[in-house]
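Below is one structure, written out as structure tokens, with a few remarks after it.
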Amino acid sequence: MADGDELFALIQGAKDCHSLLKKHLTKERYEKLKNLKTKFGGTIADCIRSGCKNPDSGVGIYASDPDAYTVFAEVLDAVIMDYHKIDKVTHPVPDFGDVNNLNIGDLDPSGNLIVSTRVRVGRSHDSFGFPPVLKKEDRVKMEQVSVEALKSLDGELAGSYYPLSNMTPEVQKQLTDDHFLFNDSDRFLKAASGYDDWPTGRGIYFSANKTFLCWVNEEDHLRLISMQKGGNLGEVYKRLVNAIHQMEKKLKFAKKDNMGYLTFCPSNLGTTMRASVHIKIPKLSQRADFKSICDKYNLQARGIHGEHTESVGGVYDISNKRRMGLTEYEAVTEMMRGVNEIIREETSS
Ligand code: ADP
Ligand code: CIR
């Protein structure tokens, strides 16, 4: 495996590379960090491997473990401030709003534009590192602890856990095509050790009607997901908040005072929340100002099979881009305002 100096030489030599890693990992910073180790044994090489091997990365750096956010703060803080557009690494205490009196409803009562709505958060066990420092036994242990907590969920969150190792390729493909399940096809995550020991320790939990799901040991230790057909963001958000509260009674998650919840990728820190719609915008998406409208409302547009995929038939995944420096309630309402504007533009053009 390439060591830190080799990786750093790769990124320094990369032409036409616009990642936040390249921008913020100066020679001086690299020299200061190259011999440090986190309490989980993580190194700067573990953090930058993916970004150095994939110069077309947008971010290019992952945290080897929760402690990396302290030990490698010199470079990670700079990336975090740049990505989340904040002047100081700071994050408010969690605030999900008053879920019984939400000012969030159906974003598309006509049912013509929004195909489905999904809100997810990432959570990390505070006693385990992230993929580059995990061993097979850690993955198995984490899966056990996570599944035990998931099995205690009740009401509409009650469901079953399906380990990937027991799943037929046909079922796996169907769940993936239907947007419920992850796979091992992200080359950025792969280069960051995200698929080591695959499929050991990985699996999916879902409720009977698949409106609440949890990914175990995909990019993050846990991804809690609420989703349903149509545009009722209020129902989706409320279900997710209930799941988060129930899981927090069972497990201790990694958090840092000025950063909120800690995740493998610095782009997910803070609220870790991504609220998205799959929305039909054939007209707006062809307009030259589509990107600038998304930027203006702090939205991100993705293809319909997830990050780094393409749109199919004018359907886009539109979500909040910022997750840090604002509360959960602010993140979801930022997305709501932006999607309302996207719908206004699409229907008036
Ligand atoms: P995340 O980082 O939130 O996990 P990805 O971009 O990797 O997101 O997408 C994960 C999966 O979730 C993909 O299958 C994607 O199609 C699906 N997905 C995302 N948003 C929605 C949505 N609003 N409706 C249905 N599926 C969605
Ligand atoms: C990259 O740097 O492009 C990949 N490591 C993925 C980053 C994920 N998040 C993002 O852009 N929001």
Report task. For segment 200-240, enumerate the residues that are buried (at least 21 other Cβ atoms within 10 Å of the Cβ) and assigned to a helix (DSSP H, G or I). Result -> 233, 236, 237, 239, 240
**Report entry** The listed residue being within 23 Å of residue 195 (Cβ to Cβ) and crowded, with 23+ Cβ neighbours inside 10 Å, out of 41, 51
**Finding:** 51
Report task. Could you list all residues from segment 305-324 that are under 12 Å from residue 281 (Cβ atoms) and among the acidic types (Asp, Glu)? Result -> 317
Report task. Give the residues of segment 24-43 that are of a type outside the set (D, E, K, R), in a helix (DSSP H, G or I) and more than 16 Å from ligand 2 (Cβ to nearest atom), sorted by residue number. Result -> 30, 33
Report task. Could you grab the pairs with beta carbons closer than 9 Å, sequence gap of 6+ or different chains, first residue in segment 307-323 and under 15 Å from residue 277 (Cβ atoms) and more than 11 Å from ligand 2 (Cβ to nearest atom), second one basic (Lys, Arg) and in a loop (DSSP other than H, G, I, E, B)? Result -> 314/283
**Report entry** Number of the condition not met by residue 73 [criteria: (1) in contact with a Lys or Arg (Cβ under 8 Å, 6 or more places away or on another chain); (2) under 27 Å from residue 135 (Cα atoms)]
**Finding:** (1)
Report task. Return a yes/no flag: does segment 283-299 have any residue that is outside any loop (DSSP other than H, G, I, E, B), in contact with an Asp or Glu (Cβ under 9 Å, 6 or more places away or on another chain) and within 11 Å of ligand 1 (Cβ to nearest atom). Result -> no
Query raised in the report: In segment 312-346, what residues are surrounded by fewer than 18 Cβ atoms within 10 Å (Cβ to Cβ) and part of a loop (DSSP other than H, G, I, E, B)?
Result: 313, 314
Query raised in the report: Only one residue in 61, 80, 86 is within 16 Å of ligand 2 (Cβ to nearest atom) and not in a loop (DSSP other than H, G, I, E, B). Which one?
Result: 80
Report task. Starting from residues that are surrounded by fewer than 17 Cβ atoms within 10 Å (Cβ to Cβ) and in contact with a Gly (Cβ under 9 Å, 6 or more places away or on another chain), keep the ones in segment 72-86 and report whichever is modelled with the lowest pLDDT. Result -> 85
**Report entry** Only one of 263, 272 that is on the phi > 0 side of the Ramachandran plot, within 14 Å of ligand 1 (Cβ to nearest atom) and in contact with a strand residue (DSSP E or B) (Cβ under 6 Å, 6 or more places away or on another chain)
**Finding:** 272
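Rundown of residues vs (1) surrounded by fewer than 16 Cβ atoms within 10 Å (Cβ to Cβ); (2) in a loop (DSSP other than H, G, I, E, B), yes/no style:
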{"position": "144", "(1), (2)": "yes, no"}
{"position": "147", "(1), (2)": "no, no"}
{"position": "165", "(1), (2)": "yes, no"}
{"position": "176", "(1), (2)": "yes, no"}
{"position": "190", "(1), (2)": "no, no"}
{"position": "196", "(1), (2)": "yes, yes"}
Query - Residue check for residue 132: closer than 28 Å to residue 317 by Cα and modelled with pLDDT of 95 or more - result: no
Query raised in the report: Of all residues in segment 227-251 being within 17 Å of residue 160 (Cβ to Cβ) and touching a Leu at 6+ places or on another chain (Cβ under 6 Å), which is nearest to ligand 1 (Cβ to nearest atom)?
Result: 243
Report task. For residue 104, indicate whether it is farther than 30 Å from residue 234 by Cβ and of a type in the set (A, V, I, L, M). Result -> no
Query - Residue check, residue 169 surrounded by 13 or more Cβ atoms within 10 Å (Cβ to Cβ) and either of a type outside the set (Asp, Glu) or touching a residue at least 24 places away in the same chain (Cβ under 8 Å) (or both) - result: no
**Report entry** Failed condition for residue 97, given (1) in contact with a Pro (Cβ under 8 Å, 6 or more places away or on another chain); (2) closer than 26 Å to residue 322 by Cβ; (3) at pLDDT 95 or above
**Finding:** (1)
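The values are calculated or read from the model by the stated rules, or taken from the named source; none is laboratory data. Quantities reported herein were computed from a predicted structural model and do not represent experimental measurements. Backbone-built Cβ (ideal geometry, glycine too); neighbour counts: all protein chains shown.
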